[in-house]
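A quick write-up on the structure given underneath.
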Amino acid sequence: MNIRSPNDTHGYPSRDDTPADILARPCATEKEYRSQCYAFFAPIFKVLRTSLEKNGAHWYENMCEPPSAVRHLFFEDLGRECDNVDKEILASSTGRTIMKKYYKELVKSSCFPHAKDNEPRVVLHDEQPFSRADVLLRTIKEYSEDNNHAVWVVFASTTSKVTHFASPQALFSSARVAVKGQLLFPPFTQLGWDQNAPALGEIQHYSVWPWVSLKEGDDALEGLLHLAEQKLCGPVEFDPHNHHQTFAVLAQRFGLDIAFGHRNAVGYVETSVASHLRACIKTTEDRIWSYTIYPSEPILSCAAASLLHGGNPPPAKTDLVSSLEILERMVNDGVIDIGQIGELVSRFLWLLAKDFFVREKVVQKDVGWGFDQQLEDCQLVSVVAFLRFVFGPRIWNGKPEAQELFQNAYINFSHWVSMDSDIRRHERLGEVPYVTCSISSSI
């Protein structure tokens, strides 16, 4: 359920008006908003039970496709039941009783997916934070305290303040007890609930964005790349003189990190997460600092490369030069972590060399169509030709036998990723969170 502002016309998936209107509706008092929360959960439990009983346990799979007829019908039914439940609450003494009644009917239903373990059986996933979240959380506690069923409510947001949440001290001073727990959780697709993201053997797709759900047809690739550019830059066009946009485009490809301790470090980190698709993977125990990284997704790397180089054919590299000048200022100011042994320079050397090589020396092959076509920055290049382009023709003169050995060797890379362990030694490669492989497999 996407609880967006009515003015957010660029967000994806689009706003779900029925739940958003209920939860975001202004209330004068806390008591009034609590009643609103009762009127929100009660019809959800009621419609969910009838949908499961009518359509079976696999009905939920189509709910994961944002622009789907199943979702549309569900929220239509929800809108009607909201009116009915409102009347029922007005006729009764308390909305709490009505909410718990429909919750018990749901979990006792024969179609409710029961199990002995505590894995999630029903997940209510709310996108974007909203005011009065403390009241909503206490409402969740009310219907949850009398049972042991695995019904999860997940709140997701790119706004970092969602990790800073605490109950208002003035209202609940006695309830402010520090409890140790996990502050951050894996992205939605890593939890195994993204029905549209297939697995490649042991390798699970990692993403903070539902690229697979956006595949609407063979002609949608151009629009998908444009959307990836928008997600990196924000809703406005790419400006290589904008520090935040330039950092986003360069950081995704070259593995840039903000230096801890810089006076503007927190601002850069929070803006990157909130507006430029960077993911928060960990926080310090006091939540003062967030560790962030860009997802390892070739589709994003191709979009970033297109912004830097201006597409095909190449222009005068003005945007790239301007972006590198901004990076130079950030490095000189101490904003960017440059590493210990010159690794930042080597990343730029090799990746920019490949960018120039595929744009100046490689003839783009017309391979595939739509999502099966080959992307310019994801294509294989000859090792012999690439090294000759980087170091000059003399590189093979002293060792012609080496050139012969590498004659049929090819290499492909689109971006850099920093890791703190050797992933080849993992018993299960699927447990490594930043693994993505293709155009079909990159999304």
Measure off 7 Å from each Cα along the Cα-to-Cβ vector at N412 and R329, then give the distance between these two points in nanometres to one decimal. 3.8 nm
How high is the FRET efficiency from K54 to N84, r the C-beta distance, R0 22 Å, rounded to 0.05? 0.80
Could you sort out which of K100/K282; K54/K100; K54/K101; K54/K231; K141/K231 sit more than 29 Å apart by Cα distance in this structure? K100/K282; K54/K231; K141/K231
Within a Cβ distance under 14 Å of V331, other residues only, what is the Lys/Arg minus Asp/Glu net charge? -4
Quick one: which of 389-397, 223-231, 301-309, 260-268 comes out on top by average Cβ neighbours within 10 Å, and what's the full order, highest first? 301-309, 223-231, 260-268, 389-397
7 Å from Cα along Cα→Cβ at both K104 and H244: what's the point-to-point distance in nm? 4.9 nm
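Taken together, the values in this text are just the output of simple stated rules run on the coordinates, not laboratory data. These numbers come from a predicted model, not from an experiment. Note that we place each Cβ from the backbone using ideal geometry, even for glycine, and neighbour counts take in every protein chain shown.
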